[in-house]
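The values are calculated or read from the model by the stated rules, or taken from the named source; none is laboratory data. Treat the numbers as computed from the prediction; the structure is a model and nothing was measured. Cβ: placed from backbone, ideal geometry, glycine included. Neighbour counts: every protein chain shown.
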Ligand code: AHR
């Protein structure tokens, strides 16, 4: 197969947004406990944070981290997680049928963020709670001092305000599984009033209204319209959440999952803009794609929730293989391609729970296959996102009809140009010709590929480097050409 694309610095989409490389830490399974936090672990620091996980988080190139949920947040009382640890209550977590010990709360999380060099992004509970508790949390977290709540934070050891800029107004409120699930109107009103009051404390906050939990929700489209009719002037973002898995052995459709993500994004942009037009507003609402990943959700649904309310049980511990990483890379390409309107995103999640980083309690930590596309894109995407308009053969998929074999995006800065490309073919290499004349005399300085003859091979604690990017020697200089192996994620750097 042959494909072509053109790199031209004039074809700018938008700046690369650092917030595209956000992730998510939820009080779910072993994400917090034995994930980021494990006081008895050999690498634990003075705060009980695992240094091995901190190192991998930095290597992953994470920008923001959303916290504390997820479905968890819709039953969460933030005050349970502050003050002396020994006195913190243990609570039932209805979302994951677990016991929450509250050993980690907002102060510990922000401390962890500072160590990891990431920006915290906080969600407020609009399920079992509402406006008053959201205001209390905001005052506790961000007000410098001189009020009971801000002085309490200072007394709890955080002298400086946490200065959390991004706030999610609830989580997946369109989902019947959500504690305190609401109709779009009910949620829209509550989100609007919460946003209005939060802005009375700080008008500069960046606020995210809940959009749809997937593009297949029965309320998809009307949900966004009704929520934005209530909140348009008060929020900056509408959220999107999407998870994909291979179903019924249909690898071709799975590798094309980003087709759904493209549809999702363009539909939400159109819906938001149509609300804006009806309101005669020039303001644009952007997308916070604050949960996205490959997730074998049917395995979780088949297993069911734990019945005995365990503490930090192993939940949603998907082990990713090569095809997952390539599909994942395709999703990342789609997020980057839409950087004009997708200006924030959070990979769900960071550690152990559908995560790029895995740990053993008390033991090793390793990189899953999906770690690599994320880390490479975060490291090398710089400057502006370029439209590349690939000319590619197509293939037929059951789920999405005809889909191009090549999925690609490029970024360009003074330091160079990087092309991120996926070959979705399950059996045939793709010879990609790159027209880079507009860049003037560039050459390939590095070409790497993530691929394997066994598309279902993955990494483990015993074999952590089984799937890792390797140099791609199949390159030609004139014309510029790279051979992309079947089922592969590729990074090609030009300078
Ligand atoms: O990321 C796992 C779960 O997926 C989150 O808690 C929820 O928001 C979504 O349904």
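Going by the structure shown, is residue 177 within 16 Å of the ligand (Cβ to nearest atom), in a helix (DSSP H, G or I) and either touching a helix residue (DSSP H, G or I) at 6+ places or on another chain (Cβ under 8 Å) or within 30 Å of residue 397 (Cβ to Cβ) (or both)?
Judged against the criteria, residue 177 is not a match.
Of everything in the stretch 63-79 that's outside any helix (DSSP H, G or I) and more than 19 Å from residue 152 (Cβ to Cβ), which residue is nearest to the ligand (Cβ to nearest atom)?
Taking the candidates together, the pick is 70.
State yes or no: is residue 144 assigned to a loop (DSSP other than H, G, I, E, B), without any contact (Cβ under 8 Å) to a residue 40 or more places away in the chain, in the same structural domain as residue 28 (by TED's automatic domain parsing) and more than 25 Å from the chain's Cα centre (by Cα)?
Yes: the conditions hold for residue 144.
May I ask you to list the residues in the stretch 300-333 that are out of contact with any strand residue (DSSP E or B) (no Cβ under 7 Å at 6 or more places or on another chain), within 16 Å of the ligand (Cβ to nearest atom), over 30 Å from residue 454 (Cβ atoms) and touching a residue at least 60 places away in the same chain (Cβ under 8 Å)?
Scanning the stretch 300-333 gives a single hit, 305.
Filtering the stretch 486-495 down to residues that are surrounded by fewer than 20 Cβ atoms within 10 Å (Cβ to Cβ) and not in a strand (DSSP E or B), which residue is modelled with the highest pLDDT?
My answer is 486.
So, of the residues in the stretch 249-295 that are over 18 Å from residue 338 (Cβ atoms) and within 16 Å of the ligand (Cβ to nearest atom), which turns out to be farthest from the chain's Cα centre (by Cα)?
295
So in the stretch 227-244, with the set limited to residues that are assigned to a loop (DSSP other than H, G, I, E, B) and under 18 Å from residue 124 (Cβ atoms), which one is nearest to the ligand (Cβ to nearest atom)?
Kept after step one, since they are assigned to a loop (DSSP other than H, G, I, E, B), are these residues of the stretch 227-244: 232-236.
The next check asks that each one be under 18 Å from residue 124 (Cβ atoms); those that pass are 234-236.
On the way: 234: 22, 235: 18, 236: 20 Å.
Among them, the one singled out is 235.
Check residue 144 against each of (1) farther than 22 Å from residue 91 by Cβ; (2) crowded, with 16+ Cβ neighbours inside 10 Å and name the one condition it does not meet.
(2)
Name the single residue, out of those in the stretch 193-226 being within 16 Å of the ligand (Cβ to nearest atom) and over 30 Å from residue 398 (Cβ atoms), that is surrounded by the most Cβ atoms within 10 Å (Cβ to Cβ).
Of the stretch 193-226, the ones within 16 Å of the ligand (Cβ to nearest atom) are 208-220, 223.
Then keep just the ones that are over 30 Å from residue 398 (Cβ atoms); that gives 208-210.
Details: 208: 26, 209: 28, 210: 32.
If we take residues in the stretch 193-226 being within 16 Å of the ligand (Cβ to nearest atom) and over 30 Å from residue 398 (Cβ atoms), then 210 is surrounded by the most Cβ atoms within 10 Å (Cβ to Cβ).
Give, as residue ranges, the strands (runs of 3 or more DSSP E) completely inside the stretch 1-62 that count at least 3 residues that are in contact with a helix residue (DSSP H, G or I) (Cβ under 7 Å, 6 or more places away or on another chain). Give the steps one after another, and end with the answer.
Working: elements: 2-6, 12-15, 22-24.
Hits in the stretch 1-62: none.
Quick one: residue 390 ticks every box in (1) modelled with pLDDT of 95 or more; (2) outside the structural domain of residue 50 (by TED's automatic domain parsing) bar one, so which box is it?
(1)
Among the residues of the stretch 93-104, what is the count of those that are within 27 Å of residue 297 (Cα to Cα) and either without any contact (Cβ under 8 Å) to a residue 24 or more places away in the chain or more than 16 Å from the ligand (Cβ to nearest atom) (or both)?
4
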